[in-house]
Structures are given as C-alpha cells and as structure tokens.
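Visitor: The structure follows.
The values are calculated or read from the model by the stated rules, or taken from the named source; none is laboratory data. Note that this is a predicted model, so its numbers are computed, not measured. Positions of Cβ are backbone-derived with ideal geometry, glycine not excepted, and every protein chain shown enters the neighbour counts. In case anyone asks, the SASA skips ligands and DNA or RNA and just uses the protein heavy atoms, side chains included. Shrake-Rupley method; radii C 1.70, N 1.55, O 1.52, S 1.80 Å.
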Amino acid sequence: MSSYAELREECWLANRRLPELGLADLTFGNVSVIDRGRGVFAIKPSGVEYQKLTPDDLVLLDLEGKVVEGKFRPSSDTPTHRRLLQAFVGIRAIVHTHSRNATAFAQAGRAIPCLGTTHADYFYGEVPVTRPMTESEVASAYEAETGNVIVERFAGLNPEEMPAVLVHGHAPFVWGPSGAKAIETALALEIVAEMALKTLQINPAASPISSHLLNKHFKRKHGGGAYYGQPG
C-alpha cells in the first residue's frame, strides 16, 4: 500500500465533490492537496472522469515537479498548483474550477465586488482578478506563468484572508487548509459570484458594503477573535 494513502484519500474525496456540487462540467476542474511535512502533493490525473476516479489514480509529485508516484499523466494545470503551493506556504489544498458564475467574472476581467455579508463571511474584500497574460507568457510555460500572474496579483494581499482569485479570461483558483475546506470555499465563491451578478442586474449602481460591516463579518469567523461556530 502507498505510504501516501491518507493524502490520496483526502485529494480523491475533494475531487469527487466537484461535480457533486455543480462546480465542474465535463472534466473542467481539479484539486490538489499537499503533505507539507513531506513536500509531496497529490493531484487529479489529466482528463480522467470524476466518476471513474479512484485514490490510486491520483498522481503524486514533489515541489520541483518530479513524479513521486502515479501511473497517469498529471493534470495539465499541475504547474499552476505547484507554483501556488510554493508561494502560499500557509495553504494545503488548491481547487481549480470553471464554475459558471465565477468564470463569467473572470471572462469579463472583473473582480467580484463584496456586495453583501455572505461574501464577507469568506472573502476579505473583493475577489481579485489578474491582469491578462501576455503573448509570450501564453506561448512559453503557460500553466507555470498562470501561477506567476496569480502570485504577482497577490503582492500586498494575504492569501489566507483572500483564498481565491480569478485568472483573467480563464477561471477561478481557490485554496484552503484542507481539501474539504478548499472545496467549501470554491462553492462559496460560486454562490457569491451568482449573488453579485444578480445584484448588479437589479441595481447596476450597487456599492460594496462598508468596511466596518466587512470587518465584522470576516473577523467573527476568522482569526484570533473569531466567535462564530463551535470551539474545537
């Protein structure tokens, strides 16, 4: 048995949740989960249907991109995941989807504004969008450069307070401390994207919520002063 059985199981369960939650059409999406102590991450193999996926199908790689275990080719988005896992050392899991409403904002090149408290419960402000990628970035190491433009966009931002980004013209990447939490946040992103889209249809002049309301809702769930939910 693989010595990475628990890592495979966590990553497999998270990947299986994508279609169950309506976050993935066809095979558009993937999840990676890292074992920080061993410097190895698991990721969905490229093009494999979620319903047919097993824990043993997952590909394990180190942070240099070397395959540690696996019989399949890893997701084509692996270099993006690897770059984010290298840069954002406080996270353990990454979810990439083409969920429809969040992707619509990415395609429009527009950040998702924080228009209400549902958004503020998960994201500390507007969900940012990257700049468009250059021709040379797309033509060279496209997936690695996708990771680089995300890291560039997060200069001055805390990835643990803003656990999502929209890649301009592409789709969202979301992350978290576990596969399950990253999936939850990916679902929350899709929900708030749909809410923002409908809000802007009803009132195109809708403004973001106040900073004091944003602070209250985000910080009651996150950080040392959090009091939402049960202890432990």
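Visitor: Please work out whether region 107-228 counts as rounded, prolate or oblate from its C-alpha gyration tensor, where a ≥ b ≥ c are the square roots of the eigenvalues and a/c under 1.5 means rounded, while otherwise a/b larger than b/c means prolate and anything else oblate? All intermediate terms of the calculation are to be shown ahead of the outcome.
Guide: Working: a/c = 2.08, a/b = 1.39, b/c = 1.49.
Judged from the Cα gyration tensor, region 107-228 comes out oblate (a/c at least 1.5, b/c at or above a/b).
Visitor: Of all the stretches in the chain, which is the longest one without any exposed loop site, taking GluC sites (Glu not before Pro) in a DSSP loop (any state but H, G, I, E, B) with at most 12 other Cβ atoms within 10 Å?
Guide: With GluC sites (Glu not before Pro) excluded where exposed in loops, the chain gives 65-232 as its longest stretch.
Visitor: Sticking with this structure for a sec: Under 1.5 on a/c is rounded, so check that first for region 40-123, then, if it is not, pick prolate when a/b is larger than b/c and oblate when it is not; a ≥ b ≥ c are the square roots of the alpha carbon gyration tensor eigenvalues.
Guide: prolate
Visitor: At a threshold of 8 angstrom on Cα-Cα distance, excluding pairs fewer than six apart, so keeping six or more, what relative contact order does the chain reach in percent?
Guide: Contact order relative to length: 21 percent.
Visitor: Turning to a different aspect of this structure: Calculate, in nm to one decimal, what Tyr142 and Thr117 gain on full extension: separation in residues at 0.36 nm each, minus their alpha carbon distance.
Guide: Details: separation 25, 0.36 × 25 = 9.00 nm, distance 3.57 nm.
Taking Tyr142 through Thr117 to full extension adds about 5.4 nm, to one decimal.
Visitor: Rounded to the nearest 5, what % of the DSSP beta bridges within region 1-154 are antiparallel ones?
Guide: Taking every DSSP beta bridge with both residues in region 1-154, the antiparallel ones total about 100 percent.
Visitor: So, taking all protein chains as they sit and a 1.4 Å probe, how much accessible area belongs to Asp56, in Å² rounded to tens?
Guide: 100
Visitor: Could you check the simple spin-label distance between Val89 and Leu13, using points 7 Å along Cα→Cβ, in nm with one decimal?
Guide: With each label placed 7 Å out from Cα toward Cβ, I get 2.8 nm.
Visitor: Sticking with this structure for a sec: Cα centroid distance between region 1-37 and region 151-218, in Å?
Guide: 21
Visitor: Taking a probe of 1.4 Å, how large is the accessible area per residue of the chain, in Å²?
Guide: Computed with neighbouring chains in place, this is 48 Å² per residue.
Visitor: Shifting gears a bit: Can you compute the modelled spin-label distance between Arg73 and Met195, with each label point 7 Å from Cα toward Cβ, in nm?
Guide: Result: 4.0 nm between the two label points.
Visitor: Using only Cα atoms, find the angle between the long axis of helix 142-153 and the longest principal axis of the chain, and express it within 0 to 90 degrees, rounded to the nearest 10.
Guide: It works out to around 40 degrees.
Visitor: Which whole-number percentage describes the relative contact order of region 103-227, with Cα contacts under 8 Å and a sequence gap of 6 or more?
Guide: 34 percent.
Visitor: Subtract the Cα-Cα distance of Ala104 and Glu152 from 0.36 nm times their separation in residues, and report this length gain in nm to one decimal. Write down the numbers at each step before the final one.
Guide: On the way: separation 48, 0.36 × 48 = 17.28 nm, distance 2.19 nm.
Answer, rounded to one decimal: 15.1 nm.
Visitor: Summing Lys, Arg as +1 and Asp, Glu as -1, what charge do residues with Cβ under 15 Å from the Cβ of Pro19 carry, Pro19 excluded? Kindly include the intermediate steps, with their values, before the conclusion.
Guide: On the way: positive: Arg16, Arg17, Lys44, Lys52, Arg100; negative: Glu20, Asp25, Glu49, Glu190.
Charge balance near Pro19 sits at +1.
Visitor: Please compute the net charge surrounding Asp121, taking Lys and Arg as +1 and Asp and Glu as -1 over other residues with Cβ under 14 Å from its Cβ. Walk me through the intermediate numbers first.
Guide: Numbers: positive: Lys181, Lys216, Lys219, Arg220, Lys221; negative: Glu161, Glu184.
For residues surrounding Asp121, the net value is +3.
Visitor: Is the C-alpha gyration tensor of the chain telling us rounded, prolate or oblate? Criteria: a/c under 1.5 is rounded; beyond that, a/b larger than b/c is prolate, otherwise oblate. Mind dumping the intermediate values first?
Guide: Working: a/c = 1.73, a/b = 1.42, b/c = 1.22.
The shape class here is prolate.
Visitor: What do you get for the angle between helix 5-20 and the principal long axis of the chain? Use alpha-carbon atoms, 0 to 90 degrees, nearest ten.
Guide: So the inclination is approximately 50 degrees.
Visitor: For the chain, which whole-number percentage of the solvent-accessible area (1.4 Å probe, protein heavy atoms only) is attributable to carbon and sulfur atoms?
Guide: With neighbouring chains kept in place, the figure for the chain is 52 percent.
Visitor: How far is helix 78-87 tilted off the main Cα axis of the chain, in degrees rounded to 10, range 0 to 90?
Guide: Taking Cα atoms only, the helix is inclined about 60 degrees.
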